[in-house]
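Presented below is the structure to which this report refers.
Every read-out reported here was derived from the displayed coordinates using simple, explicitly stated rules and does not represent laboratory data. A quick note: this is a predicted structure, and the numbers were derived from the prediction, not measured. Methodologically, a virtual Cβ is constructed for each residue, glycine included, from the backbone with ideal geometry; neighbour enumeration extends over all protein chains shown.
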Amino acid sequence: MSKLSQRHLLGIKNITREDIELIFETADNFKQVINRPIKKVPSLRDVTIANVFFENSTRTRLSFELAQKRLSADVINFSASNSSVKKGETLLDTVNNILAMKVDMIVMRHASAGAPHYLAKHIKANIINAGDGTHEHPTQALLDAFSIREKLGNLEGKKIAIIGDILHSRVALSNIFALKKLGAQVMVCGPPTLLPKFITSLGVIVELDVKKALEWCEVANVLRIQLERQQIKYFPSLREYSIYYGINKKMLAGLKKEIVLMHPGPINRGVELSSDAADSTHSVILDQVENGVAIRMAVLYLLAGATN
Amino acid sequence: MQKKLILDSHLLDITLNRLCHQILENHTSFENTVVIGMQPRGIFLANLIHKKLELITGKKIPFGHLDTTFHRDDFRRREIPAKLSETKIDFIIEGKNVLLIDDVLYTGRTVRAALDAMISFGRPAKVELLVLVDRKYTRDLPIYADYVGKYVHTLDTQRVLVELEAQGHKQNKIWLINNEKQ
């Protein structure tokens, strides 16, 4: 089997374990390609891809763009801040106008949950969700799981803790889906106000004490506090959050075992993660970024390769 | 489905020995020669040839695997993307004489992709192609093998099946198969 079960990558919820494993196997090959002197392959030379970003992004957009260029695709970039969206154009009109210029694939980030799903129903091009509101961020979850697989061999039965702002995090939700599908045990940890009410229905363990979470887990995936999405106050101050939920090197050194420390970026140094922890040998944060390019190449390659 | 045996274990061994000695004629010193097998099926044959060459010359010859999938010209033109295999080349190709090995030469498109894929690792001084079976008059591209185990005349409906012990078969056997349309 070398074909995905879906035409789009809208979320991890929609894809199967076999899909995830196929993406990983393909990414293994691409990781090798991007470490060669000549980092480019000609596979997607007749494919045009539009990166449509209605929300800010550094890593994801650069990573997608680099992945597309390494595959020899033609790339156009679009960000909402300097476009006709400001003049009142609808999402479907904007995308249809881009597609009229003969674009084959759309990579989209949008502030509203479900925006790529809506688009998938109305247009022919392949769609990759690069983050939709607080819903899903599938490529981030894939690269996180890929990085864990690289570090620990496989995910079956492994203990992964996701720590921080679970309520507003699309990374958390996609990660939970991906890790559960690959057979890992998942724990979420954060202040009660930042844990969604029905989170246990996803089959995850809930822990309120970050020290206990660190003692339990083999991998800690630390998330950022998403102040831009918080309409009300969920905790008294960032300083207080940092005191109760911030992770530093001393805490890691106090554990009986070595754990792997991950962060999807951007890091707020001194809030969820201290500088000495983020830069320590536990951290695989920059490996995650490298793997991100390989994973996105794999997803683009597999979606583009399946003829409609 | 009809099967016809083209090479059996004994004949194959004679053929491989002949190929190795032909290579020796052209590469008197193996100082600058490397052997690359083409994934997925060419690597088993390449392995046999490589071992024989090392035995005959008494020298260590670099050996690698090359996957051509990303360089194929039928991407997006077939139902299902081709399955990927590993590329493993731990030496420098730049300035080397490369002996490229595959089991069957048919349309020549895979070899074209391999030449492209190889350039990603450097600029070889010279590239030669060795195939076990050359299906004559079936080429889509102007590609020719330097060393050929056996020439066969085939139809489009026919297929060459290479069964090697290294691939888990009982005996080395090369078959010509008729896939007559019902």
For the range A:138-288, with +1 on Lys and Arg beta carbons and -1 on Asp and Glu, the positive-most of A:G203, A:P264, A:T139 along the dipole: A:G203
Calculated Rg and Dmax of the protein assembly as shown using C-alpha coordinates, Å: 26.8, 83
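Quote the relative contact order of chain B in percent (integer), defining contacts as alpha-carbon pairs under 8 Å separated by 6+ residues. Display every interim value, and only then the final one.
Working: 335 pairs, mean separation 46.8, N = 182.
Worked out over chain B, it gives 26 percent.
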Helix A:285-305 vs. chain A, principal-axis angle (Cα, 0 to 90°, nearest 10): 30 degrees
DSSP H segments from chain B that extend 20 Å or more along their own axis, Cα-based, with Kyte-Doolittle mean of 0.5 or above: B:42-57
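Per DSSP helix of 4 or more residues, -39500 (n - 2.57); summed, then divided by the residues of the protein assembly as shown. What does that give at 222 nm, rounded to the nearest 500? All intermediate terms of the calculation are to be shown ahead of the outcome.
Values: 14 runs with 163 residues, N = 490.
For the protein assembly as shown, the value works out to -10000 deg cm²/dmol.
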Average other protein chain Cβ within 10 Å of Cβ, residues B:85-95: 1
Given B:K51/B:K88; A:K151/A:K257; A:K39/B:K52; A:K87/A:K121; A:K181/A:K212; A:K31/A:K250, the pairs whose alpha carbons are separated by over 23 Å: A:K39/B:K52; A:K87/A:K121; A:K181/A:K212; A:K31/A:K250
Principal-axis tilt of helix A:59-70 within chain A, Cα atoms, nearest 10 degrees: 40 degrees
5 angstrom amide H check on A:V75, placed H, neighbours 5+ away: A:I49
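So for each of A:103-109, B:12-18 I average, over its residues, the number of other beta carbons within 10 Å; can you give me the resulting order with the highest mean first? Don't skip to the answer; put the middle values down first.
Working: A:103-109: 23.1, B:12-18: 15.3.
Those peptides, ordered most packed to least, come out A:103-109, B:12-18.
Please report the antiparallel percentage of DSSP beta bridges with both residues in the protein assembly as shown, rounded to the nearest 5.
Values: 13 of 71 bridges.
Taking every DSSP beta bridge with both residues in the protein assembly as shown, the antiparallel ones total about 20 percent.
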Test item: Cα-centred dipole of the protein assembly as shown, Lys/Arg +1 and Asp/Glu -1 on Cβ, debye: 400 debye
Principal-axis tilt of helix A:138-152 within chain A, Cα atoms, nearest 10 degrees: 50 degrees
Top positive-direction residue, dipole computed over the protein assembly as shown with Cβ charges, set B:L105, B:P40, A:M108: A:M108
Span from the the range B:110-182 Cα centroid across to the the range A:238-261 one, whole angstrom: 58 Å
Other protein chain Cβ atoms within 10 Å, averaged over every residue that makes up B:67-73: 4
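Please give the average number of partner chain Cβ atoms lying within 10 Å of the Cβ of each residue in A:28-41, rounded to a whole number.
Mean number of neighbouring Cβ atoms from other chains: 3.
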